[in-house]
Amino acid sequence: MCRCLGEYNMYLDKVDEMILNGEYGEAKRIALRIIVAIGEVLGAEKLIPVSHAHISGISYFNIGDAGLSFLEEMLVKGAKANIFTTANPFSIVMHEDFIKYYKSDVVEKQRKIIEILVKIGIAPNSFTCIPYKIRKPVYGEHVAWAESSAVIYANSILGIYTNRESGISSLMASIIGKTYYAGMHIDENRKPEMHIIVKEDLKTISFASILGLYIGQISKGIPFINIKIAVEDGIYRDLILRSLLSSIATTSDLPLAIIKNVTPTAKYKDVSSLERIEIEFKDVKIFIEEKCSNMLFLGCPHMTLEEAEFILNTINLENIEKLGIEKILIAIPLQDNNKFFIRKRKNIEIQYLPGMCPVVSDLIKANIHSLATVHGKALYYIPKLARAKSCMMNIV
């Protein structure tokens with residue numbers, strides 16, 4: 001029997017009703033009203049508990065003064081994380097080598113955003129776009145994640161359930177520990193809607209990235225991707241899959257892609273009746289450009305320190321030096337390093353950016369006018385968000 005409250009149609013338990021009546025404080029009342037409102041629009045019949053929330057949009061360049069004010073208001077109203085909660089990377093204005101390029105008020109506002117989130121209860125060393133490296137998810141659990149690359153990886157690789165939340169809805173889910181039961185939380189909605197056959201083996205991060213951008217552009221629904229991943233090493237294989245999926249999520253709003261013999265929760269029997277599309281390398285090579293910068297960016301999504309070292313040992317540094325690369329920026333989770341450090345390999349400077357992301361920074365102000373990369377998401381968003389030129393290098 002449906003237990004409803006006032007204008008709401010979905011099932012709400014007694015505690016939910018008390019929260020909406022303000023008996024658990026204003027922050028929880030606001031949070032639950034937002035979650036219920038979204039659920040009502042999507043036709044959810046009930047709420048479900050979630051075990052992990054991940055918040056996006058924490059760069060000051062993304063949310064601005066309005067976002068900062070909202071966070072301040074929620075903190076004053078008593079907002080507290082009710083479940084384990086992580087957050088996306090912040091901008092490079094916090095880096096000791098880049099702070100000098102930005103106005104002091106911008107730096108202070110970015111610092112305030114981080115401080116407020118930590119006071120609310122976000123894990124203080126968790127600022128990253130790969131939250132599954134901070135806390136290993138349990139197969140089959142339901143979470144509320146906002147970062148698009150993490151969402152599609154969660155649903156497609158980890159066997160967990162999450163919608164593609166917004167920064168606000170994931171924060172609200174953190175505060176009440178619940179989300180709406182709709183979308184990707186329901187198995188019936190996780191079936192393939194088109195069949196993509198890739199004629200080339202998947203061997204590199206660069207190819208995975210441009211392939212993902214193309215698949216995202218042409219997909220009309222959840223794709224079933226038939227592709228051979230011709231890589232034995234576990235670290236490299238995972239980085240390739242992350243680049244493929246994050247790129248798909250960049251040029252589409254897809255929260256799930258079913259990869260043959262990879263996706264653990266795939267609900268399919270026969271894909272022969274689905275629309276079929278074949279892809280060859282010639283279809284996607286238009287994304288590759290040999291060089292646009294003397295600086296290479298790695299870590300979009302973030303790489304762990306171990307993964308970054310693996311890639312540095314895989315790349316032919318002499319070759320990229322010949323292509324004019326003088327510096328490599330690598331974005332890693334904050335927990336992987338509590339100090340900024342720079343070192344050299346060959347004649348190339350290596351600089352780590354713990355907890356940060358150049359993509360959500362105003363790079364022009366930092367005197368960075370272009371970045372080469374191997375990641376589709378960075379290629380797509382650097383010009384749109386960071387105001388710099390980007391290009392894809394086929395080097396790893």
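For the reader, a short list of remarks on this structure follows.
- Shape annotation for the stretch 26-79: C-alpha extents along the principal axes are 36, 23, 23 Å, from largest to smallest.
- The stretch 14-187: C-alpha gyration tensor shape, a/c 1.5 cut-off, then a/b vs b/c: oblate
- Under the combined filter of DSSP loop state and at most 10 neighbouring Cβ atoms within 10 Å, the stretch 48-129 retains these trypsin sites (Lys or Arg not before Pro): Lys103.
- Rounded to the nearest Hz, the phi-derived 3J(HN,Hα) couplings of the stretch 208-216 under the Karplus curve 6.51 cos²θ - 1.76 cosθ + 1.60 (θ = phi - 60°) are 4, 5, 6, 5, x, 4, 5, 4, x, where x marks glycine and proline.
- The chain - Rg and Dmax from Cα coordinates, angstrom: 21.3, 70
- Enclosing the Cα atoms of the stretch 190-286 in their convex hull gives a volume equal to 90 cubic angstrom per residue.
- Note on the stretch 288-392: Kirkwood radius taken over Cα pairs, Stokes-Einstein applied at 37 °C and 0.692 mPa s, translational D equal to 240 µm² s⁻¹.
- Of the peptides 371-384, 309-322, 229-242, the order by per-residue mean of other Cβ atoms within 10 Å, starting with the highest, comes out as 371-384, 229-242, 309-322.
- Alpha-carbon centroid distance for the pair the stretch 209-260 / the stretch 366-391, whole angstrom: 20 Å
- Packing, as the average of other Cβ atoms within 10 Å across residues, places the peptides 90-98, 187-195, 358-366 in the order 358-366, 90-98, 187-195, highest first.
- Packing here is the average count of other Cβ atoms within 10 Å per residue, and on that basis the peptides 37-50, 144-157, highest first, run 144-157, 37-50.
Just so you know, all these numbers are worked out from the coordinates, no wet-lab data involved. As the structure is a prediction and not an experimental result, all values here were calculated from the model. FYI the Cβ positions are ideal-geometry reconstructions off the backbone, even for glycines, and counts take in every protein chain you see.
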